[in-house]
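The values are calculated or read from the model by the stated rules, or taken from the named source; none is laboratory data. From a predicted model like this one, the values you see are computed outputs, not experimental measurements. Positions of Cβ are generated from backbone atoms using ideal geometry, with glycine treated the same way; all protein chains shown enter the neighbour counts. We work out accessible area using only protein heavy atoms, side chains counted, and drop any ligands, DNA or RNA first. Shrake-Rupley method; radii C 1.70, N 1.55, O 1.52, S 1.80 Å.
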Amino acid sequence: MAQLFRTAAITDEFSPELETALRSMAEVGMTGAELRMVFGKNIADLTDEELDRAIGMVRSHGMEIVSIASPLLKCTLPDAPEVDARFQQDSFAAIHRFEDQPRITERIFEVARRTGAQIVRVFSYWRTVQPEACFERVVEALGKLADDGARHNVTIGIENEHACNIATGEETARVLAALDHPNLKVVWDPANALVSGENPFPEGYGRVPVPRIVHVHAKDCRVAAHKPEFGPLGEMGIDWPGQVAALARDGYRGWISLETHWPGPGGDKHQASMICGRNLQRLVSTSSSPDSTTVGTAHGRRTGSN
């Protein structure tokens, strides 16, 4: 069956055991892997030997390493307003501080080189109670990373993350307008925008210029008081059929990568990812995608309605 997009997953969402994750991802039809935690470590902390072992395992399954889901700028910004305690801070075995950023930046670019990944995912520091007060420093840090990315021939993907200062489509668009750099693009995550209080589709998506979207994370949830309840992809609070159709219509050509987050039935995270992985495959299949006649128009682009 033809697909609108190639699909991938953050491997540790399926299993902390890389071989189990890759085997399961291949079973549901995925051909890309995104590395965040491997062998119980954050990707920034792997030794060369561990990294080479992981690369070999991914390639043995006929998969491509499409993105390094790094922890860059997922730390507290010094001399800034206090961190907003409403949002859960997920670190995924990363314990790096602001002072560590130059060292892990160098390492992450080396990881990207060795794996062949074309995207390095980054953040915008832990969200403060006044994110606008951090904006210029976020732009400065992203500009430096984009310059580094150009030298290393990789794209920096700023993820809109609800626990960080750039969380919504609106905030993402502001960063992109302030930093028109060819090596700075977006990892668009509709669920993170939803947790942040924005309707991600069509409103949030409608604010983000599609040519600047380099990667998409797929998960689904409902939200109450900034607290997400994750569940099966396509069955919760986000119009994923509309979002996928709009991405296809608007010319997006990148990957859609599963980031399950749902603990799963009976706490079985592996089963949760298998369910969500199969749901994602159905969403990107051309036979299951909404026809363009079912969508409306927002911000000059045809997008679906919630």
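Within the accessible surface of the chain, defined with a 1.4 Å probe on protein heavy atoms only, the carbon and sulfur portion equals 49 percent.
Subtracting the Cα-Cα distance of Asp79 and His61 from 0.36 nm times their residue separation leaves 1.9 nm of extension gain. Here the Gaussian network model covers the chain, with springs between Cα atoms less than 10 Å apart; of Asp147, Asp239, Asp268, Asp268 fluctuates the most. Working from Cα pairs under 8 Å separated by at least six residues, relative contact order for the stretch 1-104 is 25 percent. Roughly how far apart, in whole Å, are the Cα centres of the stretch 212-288 and the stretch 59-84? Their Cα centres are 19 Å away from one another.
What does the net charge come to around Leu283 if you take all other residues with beta carbon closer than 14 Å to its beta carbon, with K and R at +1 and D and E at -1? So the surrounding residues net to +1. When both bridge partners sit in the chain, DSSP labels roughly 30% of those beta bridges antiparallel. Between the labelled values (i) 60, 59, 39; (ii) 69, 42, 32; (iii) 49, 43, 38, the entry that holds Cα extents along the principal axes in Å as derived from this structure is (iii). In terms of distances greater than 18 angstrom between alpha carbons, the cross-link table entries Lys74/Lys144; Lys41/Lys74; Lys41/Lys144; Lys144/Lys219 yield Lys41/Lys144; Lys144/Lys219. For the chain, modelled as a GNM whose springs connect Cα atoms under 10 angstrom apart, the maximal fluctuation among Ala85, Ala150, Ala21 occurs at Ala85.
For the chain, the per residue solvent-accessible surface stands at 40 Å², with DNA, RNA and ligands left out and a 1.4 Å probe. Charge tally around Pro78: other residues with Cβ under 13 Å, Lys/Arg +1 each, Asp/Glu -1 each, net -2. The alpha carbon centroids of the stretch 176-208 and the stretch 128-163 are separated by 13 Å. Leu194 sits among other residues whose Cβ lies under 12 Å from its own Cβ, and their net charge, with Lys and Arg +1 and Asp and Glu -1, is -3. Which value in deg cm²/dmol, rounded to the nearest 500, describes the helix-derived mean residue ellipticity at 222 nm for the chain, given -39,500 (n - 2.57) per DSSP H run of n ≥ 4 and division by the residue count? Taken over the chain, the calculation gives -10000 deg cm²/dmol.
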